[in-house]
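The values are calculated or read from the model by the stated rules, or taken from the named source; none is laboratory data. Source: prediction; values computed, not measured. Neighbour counts run over all protein chains shown; Cβ positions are idealised from the backbone, glycine included. Ligands, DNA and RNA are excluded from the accessible area calculation, which covers all protein heavy atoms including side chains. Shrake-Rupley method; radii C 1.70, N 1.55, O 1.52, S 1.80 Å.
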Amino acid sequence: APSTGEVRRSLAAMNESDEVGGVRILSLEPESLEDVAETFVEVADACGVPERGVRMRDDFLNSLRTLQDAIGARRQRRNGGRAARPRMVVLEWLDPPYDGGHWIPQLIDAAGCDFVKIQRKDRPHADDSGGANWNGTKSKQITWDDVCAADPDVVLVACCGFDLERNLRDARKASGELGKLRAARENRVFAANGDKYFARPGPLLVEGARIAARCALEGVPGSEPLIASVEAMDDSAKRGEGWDVASLVGPVTDIEDAHASQRECWSALHQSACEAGEMHYVDPETGYQVFTELAHKRRGKCCGSGCRHCPYAHENVRSDVKAEKIQQPAFLHERSDGRPFALSSDETPGRVTILFFSGGKDS
């Protein structure tokens, strides 16, 4: 956004003088929720309707207090007098990560959550806040290690300037980092329309607080009355409209189903191509040409690229990059000679590195 000085200079240039031509410049730079509320009065006063600004300010602040009181009261009754509050991190940017600044800590407090003040490991004494964002301070760049160390209960991706669809997409792109968090394992990473409900200093910040509250309650046993209370409030954005769960992990496929699916997808194509003496076939899912086992045998050795039909057990793929290179799962089959298993059609004994992908206790 242009600075006040830049606006003044532009107006002066338009008037071909150093004056701004009698135009009043109203510069609004709120840093807290109270500041935001006062801008309503300033704008209304400048428009000649000060009473509307006062009414809007009072409604804004009262709505935030109503939300905070409703959640606090219900949570205390549910927890026998203890107001247990989830710890929430708000990310205003992902690459690199920035946590929430300005009015965001107050917004999360109004949502009935504790705003997690990220402590930077590399600059623990960078400022008076100890590297954390307090009310009114700007959003600060952090690291993913800092986020992991904070171990939040809930993560809300509300990047400045982006709508819900974009923040969902970017959260999934950042799943390599977000997926390391306990919140991700518990399916408590969310995305919201950051531009509309969190970044703009206007009346819709109330809705941002309700969205944060709703995300913090999602999937929590016994929270149904609280959820109903939040959703009953005016203009409460529903899931899929202003916010949604950022599913970072796709559905887990059973190994037998995966095998059958792959056989349908490309195993039969590969077999037919080999029988016809072809060096490649077209993958029906991607449209890419895939080398057959015949092409690899013609080369005479493993190329180290993690090819789908490598007959050499990927022996030249470096161990430190096998997880990246080998994209298809491998299956062990009984050997025809009675020995336990065969990793490939190559009968030459040798050292074998096996990479296991663990899915839980049954592995």
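Would you call LYS297 part of a loop (DSSP other than H, G, I, E, B), open to solvent by 100 Å² or more (accessible area, probe 1.4 Å) and modelled with pLDDT of 60 or more? Criteria not met by LYS297. Taken over the range 169-198, residues that are under 19 Å from GLU241 (Cα atoms) and open to solvent by less than 20 Å² (accessible area, probe 1.4 Å) amount to 7. Please verify whether GLY194 is modelled with pLDDT of 90 or more and within 25 Å of ASP163 (Cβ to Cβ), treating the condition exactly as stated. For GLY194, the condition - modelled with pLDDT of 90 or more and within 25 Å of ASP163 (Cβ to Cβ) - is met.
Of the residues making up the range 238-255, at least one is aliphatic (A, V, I, L, M), in contact with a helix residue (DSSP H, G or I) (Cβ under 6 Å, 6 or more places away or on another chain), at pLDDT 85 or above and within 30 Å of LEU178 (Cα to Cα).
In this entry, ASP320 is excluded by the filter for residues that are touching a Leu at 6+ places or on another chain (Cβ under 9 Å), modelled with pLDDT under 85 and surrounded by fewer than 17 Cβ atoms within 10 Å (Cβ to Cβ).
Consider MET56 against the criteria (1) aliphatic (A, V, I, L, M); (2) in contact with an Asp or Glu (Cβ under 8 Å, 6 or more places away or on another chain); (3) open to solvent by 80 Å² or more (accessible area, probe 1.4 Å): it satisfies all of them except one. Which criterion is unmet? If we test MET56 against (1) aliphatic (A, V, I, L, M); (2) in contact with an Asp or Glu (Cβ under 8 Å, 6 or more places away or on another chain); (3) open to solvent by 80 Å² or more (accessible area, probe 1.4 Å), just (2) comes out false. Looking at this structure, is VAL116 among the β-branched types (Val, Ile, Thr), at pLDDT 95 or above and within 22 Å of the chain's Cα centre (by Cα)? For VAL116, the condition - among the β-branched types (Val, Ile, Thr), at pLDDT 95 or above and within 22 Å of the chain's Cα centre (by Cα) - is not met. Against the definition (of a type in the set (Val, Ile, Thr), buried (at least 16 other Cβ atoms within 10 Å of the Cβ) and either within 11 Å of the chain's Cα centre (by Cα) or under 17 Å from ALA216 (Cα atoms) (or both)), how does VAL147 come out, yes or no? The answer is no for VAL147.
The strands (runs of 3 or more DSSP E) found wholly in the range 130-246 and carrying at least 1 residues that are without any contact (Cβ under 8 Å) to a residue 60 or more places away in the chain and of a type outside the set (Phe, Trp, Tyr) occupy 189-192, 243-245. Among the residues of the range 271-292, the one identified as part of a loop (DSSP other than H, G, I, E, B), at pLDDT 85 or above and closer than 13 Å to ARG308 by Cβ is THR292.
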